[in-house]
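Student: Take this structure, written in structure tokens, and hold onto it; I'll ask about it next.
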Amino acid sequence: MASYRKAHRIAVISGKGGVGKTVITANLAAALADANNRVLVLDADLGLANLDIILGLNPKHTLQDIFQGSRRPDEVLIKTEKGFDLLPAGSGLHKNTVLTKNLAEKMEAILTDLEDRYDVILFDAGAGLGEVVLFFASLAHQILVVVTPEPTALMDAYASIKVLKQHYKKNNFLLLVNQANPNHPDRIGTTVARHLQGVISKFFDAGESPPVYLQLIGSLPQDPAVPRSVKNRQLLFEICPPAVSAGCVSMIANNLRTNFRDAPSAGLESRPLEEPVVSGSAK
């Protein structure tokens, strides 16, 4: 990537909890870093942060310290052994779940201070449609929506996309389907993406300009290595490099790199869901 460009921001969101968003964010960050990208992960779940737990870290300071003025970003930043940097957030901090003008301004100042150092910044946003989630989505050049094939996850993803379209004018979304049937994950991913695109087009896209476009960036199969990695607080490439899911994460990271490598920092042009990018996993 050209060093003169500011970091490409990607918000990783999900309509509901339990779809694997944080685990995916951490593993994608490591895969992007392994491909010689300078990567920063920002734990954007400011009230219920848990990225540090998944990574096996015990941060001394968090974003809350920066907000309070007791620490500078460099004093909170953690250079992980996974190849990327982390800005951890706090947990159990109810006041950080409410977006205030002061919090928004401080967060934007932190990003301005740091973004020249990185190629990619991943926001691991909270689940649902809270103000803080929508704020980070609005700051991103791209929004990666993580879903599972379950009807409730799809309905909540649809709701998130609808709100971001109607209130924040976002119309380009990347889609990652997690926990797909391991026998044919790519087929499941394509089916889910087409179904979701169809629902969007039918119920709130008619007559609107520009329309909403989804781009399937890949599918991750159900894999026993994933819960094992979470339990051991390790990433997939650490606990089981040959795992199918680890290979899929690498392919999805490559798809992401291809997607934003030559894009201007203001964002990408949209394209309809016609030929989804697949993960390259075994059929």
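The values are calculated or read from the model by the stated rules, or taken from the named source; none is laboratory data. The model shown is predicted, which means the values in this text are computed figures rather than measured ones. Backbone-built Cβ (ideal geometry, glycine too); neighbour counts: all protein chains shown.
Student: When segment 31-45 is examined, which residues are found to be crowded, with 17+ Cβ neighbours inside 10 Å and either without any contact (Cβ under 8 Å) to a residue 40 or more places away in the chain or out of contact with any Ser or Thr (no Cβ under 7 Å at 6 or more places or on another chain) (or both)? Lay out the reasoning, then the answer.
Tutor: Step one: of segment 31-45, the residues crowded, with 17+ Cβ neighbours inside 10 Å are 31-33, 37-45.
32, 33, 37, 38, 39, 40, 42, 43, 44, 45, listed by residue number.
Student: Moving on to the next point. Being at pLDDT below 95, surrounded by 15 or more Cβ atoms within 10 Å (Cβ to Cβ) and at positive phi, is that true of even one residue in segment 204-218?
Tutor: For segment 204-218, residues at pLDDT below 95, surrounded by 15 or more Cβ atoms within 10 Å (Cβ to Cβ) and at positive phi: absent.
Student: Tell me which residues, restricted to segment 172-192, are farther than 17 Å from residue 21 by Cβ and either surrounded by 17 or more Cβ atoms within 10 Å (Cβ to Cβ) or of a type in the set (Ser, Thr, Tyr) (or both).
Tutor: 172, 185, 186, 188, 190, 191
Student: Also: Of all residues being at pLDDT below 70 and either hydrophobic (A, V, I, L, M, F, W, C) or in a helix (DSSP H, G or I) (or both) in segment 76-96, which is farthest from residue 55 (Cα to Cα)? Just the residue, please.
Tutor: Among those residues, the one meeting the criterion is 95.
The rows are residues; the columns are (1) surrounded by fewer than 21 Cβ atoms within 10 Å (Cβ to Cβ); (2) free of Cβ contacts under 8 Å to residues at least 12 places away in the same chain.
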{"position": "105", "(1), (2)": "yes, yes"}
{"position": "112", "(1), (2)": "yes, yes"}
{"position": "139", "(1), (2)": "yes, no"}
{"position": "145", "(1), (2)": "no, no"}
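Student: Further question: Being modelled with pLDDT under 95 and buried (at least 23 other Cβ atoms within 10 Å of the Cβ) is the filter here; which residues of segment 120-131 pass it?
Tutor: 125, 126
Student: Sticking with this structure for a sec: Regarding segment 125-133, can at least one residue be identified that is among the small types (Gly, Ala, Ser) and closer than 21 Å to residue 234 by Cβ?
Tutor: So far as segment 125-133 goes, no, none of its residues is among the small types (Gly, Ala, Ser) and closer than 21 Å to residue 234 by Cβ.
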